[in-house]
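First up is the structure itself, then whatever we jot down about it.
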């Protein structure tokens, strides 16, 4: 049965607030270049702003860019409002364009970016093509701080709008830990940018090499892709798609994300790879807890995570 069906309702209701975001324009500093792990300069194409032609379900290693996220990143000119926007909004929340040629178009929150407080929103491709930087978008934020029915004691939910868990491979039989189907399970040693940051507002970059390099789950029934490639590189991104769920072992994301032995954190992949050292495909945390309350089952070939149909984009 689903997490929402497994236990009775009751308890506190989720609060909804209307918030305002502005479609971001990409920006660069006094140089257009960043430097990759081998010392080579590159242009960070697709890092923020409005990205066309990239969708949930696309392979993260097939994107020729840096931190490429599908859809439109929303920000706010006031720093305090910007922090509230990215903290309060949850994946699956409805958004609506209010100005410009795409006015009236509806979409959904599909991720968060910690860097400078970006909220990632998905739209149908024809609506994205009409959006422009500066267009205003309202966000009906709901779910943060709310505990969905059917989540066992000890497991913590964050960044998930009401009903989102029902659209994901999450189940609880009424006893034991909540079980989540994921594409892969990774060790916390691959955690990069985002460690020490608040999970309610940041994503966590996974230091994975592009393409092959050890992403095939290894570790028996646990399905842990913990071993690095034979040449010492970290695990690779083969088979990893935008929208996939990924589990990270020994990671506590209840507050500021950090190492805790025996814990597990499950997040959804919200942006692609990055040449920057310490960076990589990013996950927005959805669930965290000790092994007694939260477990993951890896399926490298049949997994289905967050999809466009699951958030109403089809």
Taking segment 253-283, which residues are in contact with a helix residue (DSSP H, G or I) (Cβ under 9 Å, 6 or more places away or on another chain) and crowded, with 24+ Cβ neighbours inside 10 Å?
-> 265, 269, 271, 272, 273, 280, 281
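Yes or no: residue 201 outside the structural domain of residue 119 (by TED's automatic domain parsing), in a loop (DSSP other than H, G, I, E, B), crowded, with 21+ Cβ neighbours inside 10 Å and modelled with pLDDT under 95? Give the steps one after another, and end with the answer.
Working: outside the structural domain of residue 119 (by TED's automatic domain parsing): yes; in a loop (DSSP other than H, G, I, E, B): yes; crowded, with 21+ Cβ neighbours inside 10 Å: yes; modelled with pLDDT under 95: no.
Here the answer is no, as residue 201 does not meet what is asked.
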Looking only at segment 63-70, decide whether some residue is outside any loop (DSSP other than H, G, I, E, B) and either touching a residue at least 40 places away in the same chain (Cβ under 8 Å) or buried (at least 17 other Cβ atoms within 10 Å of the Cβ) (or both).
-> no
Got a sec? Which of 92, 21, 29 is at positive phi and outside the structural domain of residue 240 (by TED's automatic domain parsing)?
-> 92
Neighbours by Cβ (under 6 Å, 6+ apart or cross-chain): first from segment 71-85, in the same structural domain as residue 134 (by TED's automatic domain parsing); second assigned to a helix (DSSP H, G or I) and buried (at least 23 other Cβ atoms within 10 Å of the Cβ) = 76/85
Filtering segment 101-123 down to residues that are farther than 30 Å from residue 256 by Cβ and either assigned by TED's automatic domain parsing to the domain that holds residue 197 or surrounded by fewer than 17 Cβ atoms within 10 Å (Cβ to Cβ) (or both) yields 101, 103, 104, 106
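The values are calculated or read from the model by the stated rules, or taken from the named source; none is laboratory data. Source: prediction; values computed, not measured. Here Cβ is always computed from backbone atoms with ideal geometry, including for glycine, and neighbour counts include all displayed protein chains.
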